[in-house]
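Just so it is clear, none of the values below were taken in a lab; they were calculated from the coordinates. The model shown is predicted, which means the values in this text are computed figures rather than measured ones. FYI the Cβ positions are ideal-geometry reconstructions off the backbone, even for glycines, and counts take in every protein chain you see.
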Amino acid sequence: MHDLNAAISKVNGTGLLGSSSASLASYLQADIAPLQALGTKIAGDTTVATAQADASTIFTSYRVLALVLPAARLAATADGIDATAIPDLTSLSAKAASHVNPSNRAAVQPLIDDLNSQIQSATNGTAAVATTLLGYTPSQWNANHDLLTASRGSVQAAKGNITNARDDVQQIRRILTSTAPSPTPTTSA
């Protein structure tokens, strides 16, 4: 439960998840009360066999370390991309587009096009990932230990898209800075 409480504190302490932080915190909190009740039951068990049987349900019914925490981390990463990185990059793309002119169009426009493509790919990669991840149950994970693989791949690809988009932004900044007209000196009367 310590791991769950620590994860909840992280979720509640970050402002990078947008409106999805409440659902993520709720997802993490869902197992705390049942695990506390199970701990009380195990403490009251009168035989070793009963205590062992009850303790085994930690692994079959909750899967905190194998499913819940990894799914929450992936969901938080996807939500962070959706709530911060994509809007920031979209804004930078629009700003860059407003600075395109005939003298820099050939160099800047392909970068803006790639930036927009990377943003779209990241958006597609994270679409519904958090909802999917937070919907998985321990019984699904028990039946398929590769349950998180597709979502993990989508999130990793989206992170790569964000990295590529940020590289595009840096290149655009360099070009726009180097092609900016020099200020015209003024003379005083």
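Connecting C-alpha atoms closer than 10 Å in a GNM of the chain, tell me which of Ser139, Ser178, Ser26 has the biggest fluctuation.
Ser178
Projecting each Cα onto the charge dipole of the range 64-179 (Lys/Arg +1, Asp/Glu -1 at the beta carbon, about the Cα centre), which of Thr126, Ser178, Asn144 comes out farthest on the positive side?
Ser178
Would you mind giving the average projected area, over all directions, of the Cα convex hull of the range 64-179 in nm² with one decimal?
Values: hull surface 28.5 nm².
Average of the hull's projected areas for the range 64-179 equals 7.1 nm².
Excluding residues fewer than 8 places away in the same chain, name every one of the aspartates and glutamates whose C-alpha is closer than 18 Å to that of Lys95.
Asp113, Asp114, Asp167, Asp168
Once you have a ≥ b ≥ c as the square roots of the Cα gyration tensor eigenvalues for the range 7-101, tell me rounded if a/c is under 1.5, and otherwise prolate or oblate according to whether a/b is larger than b/c.
Values: a/c = 7.01, a/b = 3.97, b/c = 1.77.
Taking the square roots of the gyration eigenvalues as a ≥ b ≥ c, the range 7-101 is prolate.
Kyte-Doolittle cut-off -1.0, length cut-off 20 Å along the helix's own axis using Cα: show which whole DSSP H helices in the chain pass.
Values: long enough: 105-126 (31 Å, -0.35); 149-179 (45 Å, -0.63).
Span-like helices in the chain: 105-126, 149-179.
Grab the other residues whose beta carbon is less than 11 angstrom from that of Val129, score K and R as +1, D and E as -1, and report the net.
Values: positive: Arg152; negative: Asp79, Asp82.
Net charge around Val129: -1.
May I ask you to list the residues of the range 126-158 whose amide nitrogen lies under 16 Å from a point 7 Å from Cα along the Cα→beta-carbon direction of Ser26?
130-136
Treat each spin label as a single point 7 Å out from the Cα along the C-beta direction, and report the Arg166 to Thr46 distance in nm.
A separation of 6.1 nm, rounded to one decimal place.
Only Cα pairs under 8 Å and at least 6 apart count here; give the relative contact order of the chain as a rounded whole percent.
On the way: 167 pairs, mean separation 46.5, N = 189.
Contact order relative to length: 25 percent.
Please give, to one decimal in nm, the separation of the simple spin-label points placed at Val100 and Gln140, each 7 Å out from Cα toward the Cβ.
Here the answer is 4.1 nm between the modelled labels.
For the chain, set up a Gaussian network in which alpha carbons nearer than 10 Å are linked by springs, and say which option among Ile119, Ile162, Ile32 fluctuates the most.
Ile32
If each residue of separation counts as 0.36 nm, what is the full-extension length gain between Gln156 and Ser9 once their alpha-carbon separation is subtracted?
Numbers: separation 147, 0.36 × 147 = 52.92 nm, distance 2.42 nm.
50.5 nm is the gain from fully extending Gln156 to Ser9.
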